[in-house]
Amino acid sequence: MEDKKALFTDLTSEGSATVTGGNVSFNLDTYIFMLGAGVLFGNPGLTSEEIQFAWEQSFVFDQPRRSGRRRGRRRRSS
């Protein structure tokens, strides 16, 4: 029998300080789509690796916006 790994682990307040900050969001639509596609086109049950992959791919890391003009964008003169 293979050794099972935990999908989630407890996070202490000290540990959470290292992961805070930045512009990170979670795209629930992507997560549900990937799980649904895995069930529809794959096996009837998903493995923990497939669920973990969908979870990791659903995070969106936004780049900080820079002030000033953006390349390729024209301003409208009034």
Can you tell me the FRET efficiency between Asn23 and Gln52 if r is taken as the Cβ-Cβ distance and R0 is 30 Å, rounded to the nearest 0.05? 0.85
Using per-residue counts of other Cβ atoms within 10 Å, averaged over each peptide, order 3-10, 38-45, 26-33, 53-60 from highest down. 53-60, 26-33, 38-45, 3-10
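Values quoted throughout were computed directly from the atomic coordinates according to the rules given, and no laboratory measurement underlies them. Just so it is clear, the model here is predicted, and its values are computed rather than measured. In this analysis, Cβ positions are derived from the backbone assuming ideal geometry, glycine residues included, and neighbour counts consider all displayed protein chains.
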